[in-house]
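Novice: Have a look at this one.
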Amino acid sequence: MSIRRTAIALIAAPLFLTSFAAAAADDGAQIAQGLCFACHQSGINGAPKFGNKVAWAPRVAQGKDKLYANAINGLRGMPPRGGGASLTDDQVKAAVDYLVKGSGGYPQ
């Protein structure tokens with residue numbers, strides 16, 4: 001992905017924060033759609049696209065704790081908390097759960 005597209009995503013992401021700042025901790029859909037989709041909808045910087053079971057499978061195989069830690073701490077091109085610095089750990093986890101479940105992961 002281009003540096004320009006990455007920069008646009010990182011600049012735009014904080015603009016979405018106000019739309020879900022007061023979201024309940026378990027409202028992962030609202031958080032994911034308002035912030036995470038900036039990259040996970042198009043696959044910027046290799047982010048696994050929402051709904052792509054093949055791309056998410058190896059990540060899900062690492063377990064929830066690893067997914068949560070990567071989302072909270074950041075990984076490669078993804079900033080900590082996906083750029084949502086004001087998000088709580090529980091909000092980040094709820095967003096991760098939404099992304100994973102919508103991509104064929106977890107429930108067994």
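Readers should treat all values here as calculations from the given coordinates under stated rules, not as data from a laboratory. This structure is a prediction, so every number in the text was calculated from the model and none was measured. All Cβ positions, glycine included, derive from the backbone under ideal geometry; neighbour counts span all protein chains shown.
Novice: How far is it, in nm, from the label point at Q41 to the one at N73 when both lie 7 Å from their Cα along the line to the Cβ?
Specialist: Modelled inter-label distance: 3.0 nm.
Novice: What does the charge count near G105 come to, summing +1 for each Lys or Arg and -1 for each Asp or Glu among other residues with Cβ under 13 Å from its Cβ? Walk me through the numbers on the way to the answer.
Specialist: Values: positive: K53, R59, K64, K66, K101; negative: D97.
Neighbour charge sum, excluding G105 itself: +4.
Novice: OK, next. All other residues with a Cβ under 14 Å from the Cβ of N52 taken together, and with Lys, Arg as +1 and Asp, Glu as -1, what is their net charge?
Specialist: On the way: positive: K49, K53, R59, K101; negative: none.
Neighbourhood net charge equals +4.
Novice: For Q62 and D90, FRET efficiency with R0 = 30 Å and r from the beta-carbon atoms, rounded to 0.05?
Specialist: Numbers: r = 20 Å, r/R0 = 0.67.
Calculated value: 0.90.
Novice: Now, a different point. Amide H to amide H, which residues 5 or more places from G51 or on other chains are under 5 Å from it, using H placed in the peptide plane?
Specialist: Correct list: S103.
Novice: Among residues other than H40 whose Cβ falls under 12 Å from its Cβ, what is the net charge (Lys/Arg +1, Asp/Glu -1)?
Specialist: The answer is +2.
Novice: Which whole-Hz ³J(HN,Hα) couplings does segment 69-80 yield from phi under the Karplus relation 6.51 cos²θ - 1.76 cosθ + 1.60, θ = phi - 60°, glycine and proline marked x?
Specialist: Values per residue, Gly and Pro as x: 4, 5, 5, 6, 8, x, 7, 6, x, 8, x, x Hz.
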